[in-house]
1. Rounding to the nearest 10 and keeping the result within 0 to 90°, find how far the Cα-based axis of helix 22-32 lies from the longest principal axis of the chain.
2. Could you order the peptides 247-257, 338-348 from most to least packed, using the average number of other C-beta atoms within 10 Å per residue?
3. Give, to the nearest whole percent, the P(r) tail of segment 134-222 beyond 23 angstrom, counting all Cα pairs.
4. Determine the calculated [θ] at 222 nm for the chain from helices alone, applying -39500 (n - 2.57) to every DSSP H run no shorter than 4 residues and normalising by the residue count; nearest 500 deg cm²/dmol.
5. Ranking request for peptides 103-111, 286-294, 232-240: highest mean number of other beta-carbon atoms within 10 Å first, then the rest in descending order.
6. Antiparallel as a % of all DSSP beta bridges within the chain, to the nearest 5?
7. Over the chain, what is the mean sequence separation of C-alpha contacts under 8 Å (at least six apart), divided by residue count, expressed as relative contact order in percent?
8. FRET efficiency for E304 and D132, Cβ-Cβ distance as r, R0 = 30 Å, nearest 0.05?
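Every number here is computed from the coordinates shown, using simple stated rules; none is lab data. Please read all numbers here as calculations on a predicted model, not as lab measurements. Glycine gets a Cβ as well: all are built from the backbone with ideal geometry, and neighbour counts include every protein chain shown.
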Amino acid sequence: MRVPCRDVRLCGMEWAKPEHSKGKIDKAGRALIGVFSEDDDLYEALETINHYRAVHYYPLNTFKVTLRRKAEIIDRNRIVAQRIKRLTSIAAKLERFPTLRLSQMQDIGGCRAIVGTTRQVIQLVKLYEQSDLKHVLDDVDDYIAAPKESGYRGVHMIYKYFSDKQAPSIYNGLYIEVQLRSRLQHAWATAVETIGTFLSQSLKSSQGEEEWLRFFALASAAIAIREGSPAVVPNTPTKPKDLIFELKVLSDRLNVQQTLQMYSQIVTVGREHAQRGSNYFLLKLEPSKGKITIEGFKRNQMSEASDRYLEVEKEISETKGAEAVLVSVDSIVALQRAYPNYFLDTTVFLQALQRALKS
């Protein structure tokens, strides 16, 4: 079922309408991580989860529009993008948190703004604090004021969608995550995901080889110092000289610079189906083939994009390191800037690392 056109913002669109109970959604989540008895249960679960993801498109698009407007006030060169959470990421999170139910997951739909500096991130947060949004701010995680031990920094704001208009009110209560990062924070996160992809390790979730995890914590600390961050990364040296020494030792031991440069050189990009005018892009990364494929979908093809997303995820489920994600950016030109990890592009991080090692 699709939402009727009772609101001008809904006209001409195929926004998915909520159809399943929380109980059925949670049951599908359990089936995804192996708590099922028959193959038919898994097939039905995948269809339920895919529809549940699609239901988030309308509120997510609403938040992206607001984020784009606010971020442009802070930084005219801002990058704004949105994405729907991958099946593999949903499964990993449900396995990591056994008491978490799929219907409670707060980042099925997420949008992100990347601005120039940490100071601009903080300014953008203040813009949200001073705004009159009707949506309910459920939680804020400020990883700039209190960085994670992994070195992750940025600000996450969790909202519950709310509208007092009849048509869009069917989405009330759905969670949307808004992520805010500086350019260097985004570059660091990109490098973490790129290395994690090739190692087949979830480094972004602090799971994987200890030396790589330590390297990225140190690299984040060096970037935090450069940005004048108000807080240090936990368990990293407080003296810059000690920090850079340990960072250099690990960088040399892991051959970081050569490894990342090699990754960026092996990828070929297929854009046969990513024509100009597309609003949604389906990215399929196959590291073993050194290939990324991009398919584009126009705004009125959202249903087709969602179905194709699930189809591709099924196709690559047995391929080591392969990933797929359905995203929306302002243009195909902005795609690589918003999702450089899918292009294995760590240029900005390498520049930051080289600058730190010379300091």
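1. Once rounded, one gets 50 degrees.
2. So the peptides 247-257, 338-348, ranked by packing, come out 338-348, 247-257.
3. Details: 1527 of 3916 pairs.
The proportion of pairs with Cα distances above 23 Å equals 39 percent.
4. Values: 12 runs with 162 residues, N = 359.
The helix-only estimate for the chain comes to -14500 deg cm²/dmol at 222 nm.
5. Order by mean packing, descending: 103-111, 286-294, 232-240.
6. On the way: 36 of 47 bridges.
Around 75 percent antiparallel, to the nearest 5.
7. Values: 622 pairs, mean separation 60.4, N = 359.
It comes to 17 percent, rounded to a whole number.
8. Working: r = 36 Å, r/R0 = 1.21.
Rounded to the nearest 0.05, the efficiency is 0.25.
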